[in-house]
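The values are calculated or read from the model by the stated rules, or taken from the named source; none is laboratory data. Quantities reported herein were computed from a predicted structural model and do not represent experimental measurements. Glycine gets a Cβ as well: all are built from the backbone with ideal geometry, and neighbour counts include every protein chain shown. Accessible surface areas use protein heavy atoms only, side chains included; no ligands, DNA or RNA. Shrake-Rupley method; radii C 1.70, N 1.55, O 1.52, S 1.80 Å.
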Amino acid sequence: MATVLSAAARLLRGSGARAPRPRFGPPAHRQFSSGGAYPNIPLSSPLPGVPKPVFATVDGQEKFETKVTTLDNGLRVASQNKFGQFCTVGILINSGSRYEAKYLSGIAHFLEKLAFSLSLQSTARYDSKDEILLTLEKHGGICDCQTSRDTTMYAVSADSKGLDIVVGLLADVVLHPRLTDEEIEMTRMAVQFELEDLNMRPDPEPLLTEMIHEAAYRGNTVGLHRFCPTENIAKIDREVLHSYLKNYYTPDRMVLAGVGVEHEHLVECAGKYLLGAQPTWGAVRTVDVDRSMAQYTGGIVKLERDMSNVSLGPTPIPELTHIMVGLESCSFLEEDFIPFAVLNMMMGGGGSFSAGGPGKGMFSRLYLNVLNRHHWMYSATSYHHSYEDTGLLCIHASADPRQVREMVEIITKEFILMGGTVDVVELERAKTQLMAMLMMNLEARPVIFEDVGRQVLATHSRKLPHELCTLISNVKPEDVKRVASKMLRGKPAVAALGDLTDLPTYEHIQAALSSRDGRLPRTYRLFR
């Protein structure tokens, strides 16, 4: 008890002995734990006795330059300088669902699910997916594979010090898969699960994109199924995969791209692992490659479906009918690609609710003319899909099934207005927004990697960001009007999902897009 009382007395004496804080005059000096050695040196001044830091610098355009080297076997190696500890490296292949006309549809989708999930027949002997992931983990790495209609991309982000191992792993994943029966069976289950998920998800945009391509390019190139049809899952086996890989996984159709690496080191790794490599499926000899050009056909694809129970719960999504209308635009290799990109940004759009301002597109046409005027419209969004030989500009809208006809007429009117007068203010806003989006996206290393790889794969070179911004800045109102007028002369492609009782006929939609005001032909009923 005495000990407690003495401790309390010491505390009281200590609190009473504290010096009073002055009310006026300069503040007393405060000692910080991190600033004891140099108490009076501001952060804006260098510390005395400490060597001056040397920062990495580059001169002129070198900071933006994309270096490209072609190996003896035709494989291209492209790199972009970017300072930092980590790098993104990958192999992009001119392969995808558009090349499956002579094969079972769905092979590219199947290969996407197989990537990084199989054992490899190589000198490194990766016997399972776990060994691949453990190897990447040692270098802080992550991996991914994505397929589109015209490109397959295998990518790894890891510490730059592990570049040699990463390139070796990528070469093994692409060229030396074992494709055991067990791995193929597991992939069948993964594909089946993704197809079921695709049909169950509340957001139908991926399914509608598939349908609009099927309608626009009936039975050819980019109109072929990107997702593996259910009936083909059991038919795809090792022989089918090897037959496809033999034709399309060849060095002249590949680009090894890297961001955050030294170009000479990347070329050295490519020569070590990808030059003269013998793939699992035998000699590298192209037998039969599909070089078909995309043939735009136009047309309609409809899918009647009960959408009333898509998203149940405390705040269920209302029953909606989704319509997507598209017209042929142009290839990304053409000069008109930039005006079309500006037009797409000018149309903008989104959902009926957005917690954003101009940066979210609230001043775009589909907000001002559609969503702000027609409260019953659930969404209206513009999309632009572009490939090396064609393109497709679409508007996706959704509303209550009872107002489908009115919704379609609103979309067709917006298409007609594209070919009208372009306001200078809205054009400048769209150009500024497009340039801002471009530059913001290119802040991310994986986005730079994909941009480098895709451009070099398509054109053997890369347009730099400031070059693209210059092209965007030079777009005039007459350019937008010209490309829109040219687009409106083509046949429409239409995709419809949900309750389609009141959907206008394809002929009526085509007639509306050929008219001056975009109105649908009037229909008369004898009985109601």
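So here's what we get for this one:
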read-out: Unit charges at the beta carbon, dipole of the chain: most positive-side option, Gly84, Ile132, Leu71; value: Gly84
read-out: Euclidean distance between Cα centres, the stretch 447-517 to the stretch 238-309, Å; value: 25 Å
read-out: Residues of type lysines that Lys476 reaches as a straight line, Cα spacing below 18 Å, ignoring anything fewer than 8 places off in the same chain; value: Lys431, Lys486
read-out: Stretch gain in nm, segment Phe83-Asn199, where the contour uses 0.36 nm per residue and the Cα spacing is subtracted; value: 37.5 nm
read-out: Positive-pole candidate from Gln433, Thr501, Pro446, dipole of the stretch 411-528, charges at beta carbon; value: Thr501
read-out: Protein-only accessible surface order, largest first, of Asp203, Asp237 at 1.4 Å; value: Asp203, Asp237
read-out: Relative contact order, percent, the chain [alpha-carbon distance under 8 Å, six or more residues apart]; value: 18 percent
read-out: Per-pair calculated FRET efficiency, R0 = 45 Å: Leu488 and Thr230 via Cβ, rounded to 0.05; value: 0.75
read-out: Cα lying deepest toward the dipole's positive end in the chain, options Ile184, Gly271, Val54, charges on Cβ; value: Val54
read-out: Reachable lysines, given that their alpha-carbon falls under 17 Å from the alpha-carbon of Lys246 and they are not under 8 places away in the same chain; value: Lys102
read-out: Label point at Glu478 placed 7 Å out along Cα→Cβ; residues across the stretch 424-447 whose backbone nitrogen lies under 16 Å; value: 424
read-out: Arg519/His466 FRET efficiency (R0 45 Å; Cβ-Cβ; nearest 0.05); value: 0.55
read-out: Accessible area of the chain divided out per residue, in Å², using a probe of 1.4 angstrom; value: 53 Å²
read-out: List His396, His385, ordered by accessible area with a 1.4 Å probe, largest first; value: His385, His396
read-out: Separation in nanometres of the label points that stand 7 Å from Cα toward Cβ, at Ser331 and Ala101; value: 1.5 nm
read-out: Charge dipole magnitude, Cβ of K and R +1, D and E -1 - the stretch 184-283, Cα centre, debye nearest 20; value: 360 debye
read-out: Gain in span if fully extended, Met437 to Phe55, counting 0.36 nm per residue against the direct Cα distance; value: 134.6 nm
read-out: Cα Rg, Dmax (largest Cα-Cα span) when computed across the stretch 154-258, Å; value: 17.1, 48
read-out: Rounded to whole Hz, the Karplus (6.51, -1.76, 1.60) HN-Hα couplings of the stretch 229-243, x for glycine and proline; value: x, 4, 5, 9, 4, 6, 7, 7, 10, 4, 5, 5, 5, 4, 4
read-out: Along each principal axis, Cα extent of the stretch 417-490, largest first, Å; value: 39, 28, 17
read-out: With all protein chains modelled, accessible area of Met293 [1.4 Å, Å²]; value: 120 Å²
read-out: Correct option for percent of Cα pairs over 42 Å apart [calculated from the coordinates] among (i) 14; (ii) 19; (iii) 35; value: (iii)
read-out: Charged-residue dipole, Cβ positions (Lys, Arg, Asp, Glu), the stretch 363-452 about Cα centre, Debye nearest 20; value: 360 debye
read-out: Whole-percent carbon and sulfur share, accessible surface of the chain, 1.4 Å; value: 55 percent
read-out: Unit charges on C-beta of K, R, D, E only; dipole of the stretch 59-165, Debye; value: 240 debye
read-out: Burial ranking of peptide ranges 401-408, 371-378 (average Cβ count within 10 Å, highest at the top); value: 401-408, 371-378
read-out: Helix-only mean residue ellipticity at 222 nm for the chain, each DSSP H run of n ≥ 4 adding -39500 (n - 2.57), per residue, nearest 500; value: -11000 deg cm²/dmol
read-out: Gain in span if fully extended, Arg218 to Gln192, counting 0.36 nm per residue against the direct Cα distance; value: 6.9 nm
